[in-house]
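Asker: Sharing a structure below in structure tokens format, with a few things to ask.
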Amino acid sequence: MRGTAVSCYDSAMLKSEGKVEPEMFCQLGHFNLLLEDYPKALSAYQRYYSLQSDYWKNAGFLYGLGLVYFHYNTYHWAIKAFQDGLYIDPSFSRATEIHMRLGLMFKGNTDYESSLKHFQLALIDSNPCTLSNAEIQFHIAHLYEIQKKFRAAKEAYESLLQTENLPAQVKAATLQQLGKSSSLQCATASKTMHLGLLVTSNMSLIDMSFW
């Protein structure tokens, strides 16, 4: 069905003798994106971008373009497209998906505060998303862990384990990370205690040398 729609658009553009409305290129980009034909989707979106002066007012176009950039791992441009889309239309129907993908990209860029903000926004939004709430919660817990916020990570992992009908894959990953987090917390506590003893010992030496 989608392939037929793309063929119809292609046929219409051929018959138009070059007089094509910009919106047709935007729709063609959407259809090719649904078909996962990313090169053709990008080409169509670029034509729309070049022909439509106020392209920045079209949240659907910015979302589609962001998905293409995300696919090609050009995160700088994907982030810009997604953020521009949210700025134009904060209540956009795919806002949850945008927040989730921004969370993933910021996490990959080690901007953990921005990542956490967007994952939390994705979690409270009721719109559909390609990641489940449980998977988003896992990412939030993992963000705490990689920032060495072990107590917050432990609480988040344990809270996730209380989720009803938790997918087996998420449960296994949570248990694994919970074990690692606990081990790292113990190691950090041991290291801190060792440093404390060294400081105390050095303070004693300072006091003795002073007297």
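Throughout, read-outs are computed from the coordinates displayed, never taken from laboratory work. These numbers come from a predicted model, not from an experiment. We place every Cβ from the backbone using ideal geometry, glycine too, and count neighbours over all the protein chains shown.
Asker: For region 90-171, take the convex hull of the Cα atoms, compute a quarter of its surface area, and give me that in nm², please.
Answerer: Averaged projected area of region 90-171's Cα convex hull equals 5.3 nm².
Asker: At a 10 Å Cβ-Cβ cut-off, how would you order His99, His71, His76, fewest neighbours first?
Answerer: His76, His71, His99
Asker: Which value results for Rg/Rh of region 43-195 when Rg is the Cα radius of gyration and Rh the Kirkwood radius based on the inverse mean 1/r?
Answerer: Across region 43-195, the Cα-based Rg/Rh ratio is 1.09.
Asker: Then there is this: In what order do Tyr63, Tyr87 fall by count of nearby beta-carbon atoms within 10 Å, going from fewest to most?
Answerer: Listing Tyr63, Tyr87 from fewest to most nearby Cβ atoms yields Tyr87, Tyr63.
Asker: Now, a different point. Distance check, please: which entries in Lys19/Lys80; Lys80/Lys154; Lys80/Lys149; Lys40/Lys117; Lys19/Lys57; Lys80/Lys180 exceed 25 angstrom between their Cα atoms?
Answerer: Check vs 25 Å cut-off fails for Lys19/Lys80; Lys80/Lys154; Lys80/Lys149; Lys40/Lys117; Lys80/Lys180.
Asker: Got a sec to turn the phi values of region 88-95 into Karplus ³J(HN,Hα) couplings, 6.51 cos²θ - 1.76 cosθ + 1.60 with θ = phi - 60°, whole Hz, x for Gly and Pro?
Answerer: 5, 9, x, 9, 3, 4, 10, 4
Asker: Can you tell me the equivalent ellipsoid semi-axes for region 20-102? Use √(5λ) from the Cα gyration tensor, largest first, whole Å.
Answerer: That gives 18, 15, 11 Å for the three semi-axes.
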